[in-house]
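The values are calculated or read from the model by the stated rules, or taken from the named source; none is laboratory data. Keep in mind that this is a model prediction, so the values were computed, not measured. As a convention, Cβ positions derive from the backbone with ideal geometry for all residues, glycine included, and neighbour counts pool all protein chains shown.
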């Protein structure tokens, strides 16, 4: 009985480790995809720079997802996406944050 319990614990630990490894790999792929997508295919362009053209609402949603690790105040691209979603009425900042983020144009 004790052996069975220990075996289940080991299997459970292996499952957790496998999920963590898979999540890490997925995040690395997403980060690389974001760098490529945001750079327009050119590897030497800053992926966090403000976009040259105004973002569409769909483009803003994608940018917010790709740059989820960035802060709105620290990433010009995420700031532009954030402002696009606010202007479109798709995102409403709480009263303490309204107007407190820099805009990069």
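All of (1) modelled with pLDDT under 90; (2) touching a helix residue (DSSP H, G or I) at 6+ places or on another chain (Cβ under 8 Å) hold for residue 41 with one exception: (2). Inside the stretch 48-58, can you point out the residues that are in contact (Cβ under 8 Å) with a residue 24 or more places away in the chain and assigned to a helix (DSSP H, G or I)? Listed by number, the list holds a single entry, 57. Among the residues of the stretch 71-97, those that are part of a loop (DSSP other than H, G, I, E, B) and buried (at least 19 other Cβ atoms within 10 Å of the Cβ) comprise 72, 75.
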